[in-house]
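The values are calculated or read from the model by the stated rules, or taken from the named source; none is laboratory data. From a predicted model like this one, the values you see are computed outputs, not experimental measurements. Here the Cβ is made from the backbone with ideal geometry for all residues, glycine too, and neighbour counts use every protein chain on show.
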Amino acid sequence: MKLRMVVILSMVLLCIPSSKYISTHADASTGGETLARKMQPLLQAEPLRGAIAGISVRSARTGEILYESNGHIRLRPASNMKLLTAAAALEVLGKDYRFRTKVFHSGPVRNHRLEGNLYIQGGGDPSLLKTNFDQWAGQLKKQGISRISGDLVADDSRYDNVRYSLDLPWSDEDKYYGAQISALTASPNTDFDAGTVIIDVSPADQIGKKAALRVTPDTGYVTVDNQIVTVQNGEQHDDDIIINRVHGTNHFAASGTITADTANVRHWKAVWDPSLYALSLFKKSLTEKGITIEGGLKRGAVPKQAEPILTHESQPLFRLLVPFMKLSNNTIAEMLVKEIGKVQTREGSWEKGLHIVKEKTAVLGADPDQMLIRDGSGVSHVDLIPANEITKLLYNVQRKDWFQAYLDALPVAGEKARMKGGTLRERLVNTPASGHVFAKTGSITSVSSLSGYVHTKSSGTLIFSILINQILDEEQAKDVEDQIVSMLREQ
């Protein structure tokens with residue numbers, strides 16, 4: 001009887017996995033035991049106490065998992081979500097895809113007067129600049145148009161009218177990374193933070209006077225109540241300048257102080273209704289070229305009888321991927337989601353676009369049934385992805401003809417050039433890993449992530465994903481990430 005009980009108990013114990021292997025896995029045949037031994041003290045260090053770290057390391061040659069710790073656990077990816085969005089966009093649209101913006105008119109031109117409305121039809125281009133509107137206005141002037149009798153009309157119907165992704169916090173709606181999404185929008189500079197303006201603050205020439213403010217692009221669409229005061233040197237704190245948008249408007253309230261010796265303080269702020277914002281820029285360009293608009297600004301669809309005047313094409317997608325991935329541009333991410341929805345299903349919405357992201361994620365070898373995907377940028381705190389699924393996708397995309405464009409868009413550790421190093425340009429500088437880590441960073445409150453490729457010294461290329469959740473100190477978590485990839489570099 002006792003022998004039988006011992007046998008039964010032994011069988012039960014064999015069916016229960018060791019807690020060591022519930023959370024971690026290392027393949028001894030590929031040096032995984034060495035990785036596990038080196039990884040353990042990093043994961044047990046103080047910065048990760050109370051946090052959850054999901055780590056996955058694969059061979060870039062075979063796809064074999066060499067090491068994992070909680071690699072199957074679903075965690076918030078933050079901007080590592082963009083790895084999936086970029087891959088889906090390249091798969092659906094192709095690396096040479098271009099966004100088209102068109103201008104139409106609805107009436108004849110007589111005696112230099114356009115008798116009707118002028119329409120601008122958005123095509124989802126996140127890279128429109130004030131200079132583009134200037135060029136279009138110049139072309140209209142060359143065509144002999146000096147007056148428009150009707151309205152200037154924005155057609156943003158390529159995408160639906162839902163402006164914010166499902167989980168965007170209300171507190172982020174005036175932040176540049178939380179800008180409204182529209183098929184017609186404009187950017188203040190070549191970072192292409194579409195739907196935003198730049199507000200530069202500089203001190204006045206006398207103590208006690210209000211600071212000088214400059215809005216770029218300069219348009220009456222945005223107004224600022226400036227209550228920022230110039231103070232003596234040494235009196236300013238980092239958070240002294242506060243600029244907030246009044247909800248539902250394009251009126252900003254600016255308060256705080258700036259010291260007399262400060263050169264400039266720059267804020268990026270999202271506008272309300274980016275379609276009409278873009279339209280206001282076009283109107284300014286037309287006016288500057290001497291073209292008068294007799295009507296107003298409004299939103300509406302281009303009528304069937306309207307005739308095209310000009311078409312503008314964006315730079316190809318592979319070039320837009322550079323500011324998107326290098327600078328972790330949320331607006332481009334969400335516009336790509338809506339664009340692939342429009343191309344695949346004729347509906348430019350998050351619902352359709354995210355469905356396609358999941359479909360293409362499966363095509364690229366990862367399992368969308370193990371994920372919860374709520375947006376394209378990773379700003380959502382509801383997104384959930386296991387680290388193993390990220391490395392699986394990163395392994396499989398290597399076979400795609402667009403992979404080089406994908407790889408070129410990733411930030412490069414320690415590379416000082418902004419559009420090369422991106423969000424990794426200040427990390428791993430002057431270390432053996434500098435120039436050898438190509439990875440996407442991620443950061444939202446209590447989350448830090450880093451996933452990509454590392455060229456090792458003797459073991460070829462490794463694919464890794466590090467997802468750290470429930471952190472209290474983001475910089476400490478990033479230090480751990482850097483230590484991990486530095487260790488991988490030494491393999």
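The single condition among (1) assigned to a loop (DSSP other than H, G, I, E, B); (2) within 22 Å of residue 379 (Cβ to Cβ); (3) not polar (S, T, N, Q) that residue 269 does not satisfy is (1). Number of residues in the stretch 409-423 that are over 19 Å from residue 319 (Cα atoms) and among the hydrophobic types (A, V, I, L, M, F, W, C): the value is 1. The listed residues are 465, 451, 459, and the only one of them that is out of contact with any Leu (no Cβ under 8 Å at 6 or more places or on another chain) and closer than 28 Å to residue 64 by Cβ turns out to be 459. Checked against (1) more than 27 Å from the chain's Cα centre (by Cα); (2) outside any loop (DSSP other than H, G, I, E, B), residue 302 meets all criteria but (2). For the stretch 34-79, the candidate set comprises residues that are part of a strand (DSSP E or B) and basic (Lys, Arg); within that set, the residue that is farthest from residue 379 (Cα to Cα) is 58.
If you filter the stretch 103-138 down to residues that are of a type in the set (D, E, K, R) and buried (at least 18 other Cβ atoms within 10 Å of the Cβ), you find that the one that is nearest to the chain's Cα centre (by Cα) is 125. Here residue 68 meets the list (1) within 14 Å of residue 385 (Cα to Cα); (2) surrounded by 24 or more Cβ atoms within 10 Å (Cβ to Cβ); (3) in contact with a strand residue (DSSP E or B) (Cβ under 6 Å, 6 or more places away or on another chain) almost entirely, failing just condition (1).
Right, residue 167: of a type in the set (Asp, Glu), in the same structural domain as residue 285 (by TED's automatic domain parsing), at pLDDT 95 or above and within 30 Å of residue 374 (Cβ to Cβ) or not? Criteria not met by residue 167. Of all residues in the stretch 359-395, those being over 26 Å from residue 470 (Cα atoms) and either surrounded by fewer than 17 Cβ atoms within 10 Å (Cβ to Cβ) or of a type in the set (Lys, Arg) (or both) number 5. Identification of strands (runs of 3 or more DSSP E) wholly contained in the stretch 156-243 with 3 or more residues that are surrounded by fewer than 20 Cβ atoms within 10 Å (Cβ to Cβ) and either among the aromatic types (Phe, Trp, Tyr) or within 24 Å of the chain's Cα centre (by Cα) (or both) yields no element.
Table: residues versus (1) closer than 21 Å to residue 344 by Cα; (2) part of a loop (DSSP other than H, G, I, E, B); (3) hydroxyl-bearing (Ser, Thr, Tyr).
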site	(1), (2), (3)
107	no, yes, no
116	no, yes, no
123	yes, yes, no
128	no, yes, no
133	no, no, no
137	no, no, no
140	no, no, no
150	no, yes, no
153	no, no, no
